[in-house]
Amino acid sequence: GAVVSQHPSWVICKSGTSVKIECRSLDFQATTMFWYRQFPKQSLMLMATSNEGSKATYEQGVEKDKFLINHASLTLSTLTVTSAHPEDSSFYICSARDTTGANVLTFGAGSRLTVL
Amino acid sequence: EDQVTQSPEALRLQEGESSSLNCSYTVSGLRGLFWYRQDPGKGPEFLFTLYSAGEEKEKERLKATLTKKESFLHITAPKPEDSATYLCAVQLHGSGNTGKLIFGQGTTLQVKP
């Protein structure tokens, strides 16, 4: 079945630094990927829709300059948290849909970001 | 405003004690309703997609049903390994080209042996 890989699975950084998270579709092509954020014991909140070869579409309230998304190929999207602060600490999860297959979103295992 | 509400927030069952999880939705136009399972510290794992009222799908001890206002996830004779958070999500008409999902807050199920 479809597999989505995220890297790193966890990262700790100092306040003010930038962190990049990668999301790869391993065995299928994804023209669209999604980035979600999840706080402890809460559900997934959609941050943005990542479109291959074009600009990402951000949800209301999500800072575009804070969360940079690049989708340069059909198998890779990256989320960069710029000038991270402790309030950015969260679980970030990406998902992708095989555009040639069933209408199912496959999720990555998530990336735990801790900003000190 | 499109909304997805799950209940209960948490559920504790004894092994073998069947129960149901509820997902009610108020949306402008439903294209599909999805159920996912999420284990702690991991990404959601796909369970079912339902597209029309009256549709049912089964997988092992789980059965999902759909009406025009809500969906139920029935768990029959659960086992401890069924312990997880179950997430319901809706996909709206118009978002079908991208597959965007709106999630409920989840039901955390604990099954005790």
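The values are calculated or read from the model by the stated rules, or taken from the named source; none is laboratory data. What you are looking at is a predicted structure, and each value in this text was computed from that prediction instead of being measured. Backbone-built Cβ (ideal geometry, glycine too); neighbour counts: all protein chains shown. The protein model used for the area step is the full one, side chains on, heavy atoms only, and it has no ligands, DNA or RNA in it. Shrake-Rupley method; radii C 1.70, N 1.55, O 1.52, S 1.80 Å.
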Of all residues in the stretch B:44-86, count the ones that are within 14 Å of chain A (Cβ to nearest Cβ), in a strand (DSSP E or B) and farther than 23 Å from A:Tyr36 by Cβ. 2
State all residues of the stretch B:1-13 that are farther than 16 Å from B:Thr65 by Cα, of a type outside the set (Gly, Ala, Ser), assigned to a strand (DSSP E or B) and open to solvent by 40 Å² or more (accessible area, probe 1.4 Å); if no residue qualifies, say none. B:Gln3, B:Arg12
For the stretch A:6-26, which residues satisfy the criterion of being more than 11 Å from the chain's Cα centre (by Cα), open to solvent by less than 80 Å² (accessible area, probe 1.4 Å) and within 14 Å of A:Ser73 (Cβ to Cβ)? A:Ser25
Taking the criterion of being β-branched (Val, Ile, Thr) and either touching a residue at least 60 places away in the same chain (Cβ under 8 Å) or assigned to a strand (DSSP E or B) (or both), would at least one residue in the stretch A:60-67 satisfy it? no
Positions within the stretch B:44-66 being surrounded by fewer than 14 Cβ atoms within 10 Å (Cβ to Cβ) and in contact with a Leu (Cβ under 9 Å, 6 or more places away or on another chain), in sequence order: B:Tyr51, B:Ser52, B:Ala53, B:Gly54, B:Glu56, B:Lys59
Would a scan of the stretch A:27-40 turn up a residue that is in contact with a helix residue (DSSP H, G or I) (Cβ under 8 Å, 6 or more places away or on another chain), open to solvent by 20 Å² or more (accessible area, probe 1.4 Å) and more than 14 Å from chain B (Cβ to nearest Cβ)? no
Return a yes/no flag: does the stretch B:81-88 have any residue that is surrounded by fewer than 17 Cβ atoms within 10 Å (Cβ to Cβ) and in contact with a Ser or Thr (Cβ under 6 Å, 6 or more places away or on another chain). no
Apart from one, (1) open to solvent by 20 Å² or more (accessible area, probe 1.4 Å); (2) within 30 Å of A:Val11 (Cα to Cα); (3) more than 14 Å from the chain's Cα centre (by Cα) all hold for B:Thr76; the odd one out is (2)
Being without any contact (Cβ under 8 Å) to a residue 40 or more places away in the chain, within 14 Å of chain A (Cβ to nearest Cβ) and either open to solvent by less than 10 Å² (accessible area, probe 1.4 Å) or under 24 Å from A:Ala96 (Cβ atoms) (or both) narrows it down to one residue among B:Gly104, B:Gly32, B:Gly41; which is it? B:Gly41
Collect the residues in the stretch A:69-115 that are in contact with a Ser or Thr (Cβ under 8 Å, 6 or more places away or on another chain), among the hydroxyl-bearing types (Ser, Thr, Tyr) and away from chain B (no Cβ under 12 Å), keeping them in residue-number order. A:Thr75, A:Ser77, A:Thr80, A:Thr82, A:Ser83, A:Ser89, A:Thr114
Selection status of B:Gly16, free of Cβ contacts under 8 Å to residues at least 24 places away in the same chain and outside any strand (DSSP E or B): no
Need the failing condition index for B:Cys23 against (1) touching a Cys at 6+ places or on another chain (Cβ under 7 Å); (2) assigned to a loop (DSSP other than H, G, I, E, B), just the number. (2)
From the list B:Pro113, B:Pro80, B:Pro8, B:Pro40, which residue is in contact with a helix residue (DSSP H, G or I) (Cβ under 6 Å, 6 or more places away or on another chain) and not aliphatic (A, V, I, L, M)? B:Pro113
Residues satisfying the stated conditions in the stretch B:67-105, i.e. within 30 Å of A:Glu52 (Cα to Cα) and either in contact with an Asp or Glu (Cβ under 9 Å, 6 or more places away or on another chain) or among the small types (Gly, Ala, Ser) (or both): B:Ala89, B:Val90, B:Leu92, B:Gly94, B:Ser95, B:Gly96, B:Gly99, B:Ile102, B:Gly104, B:Gln105
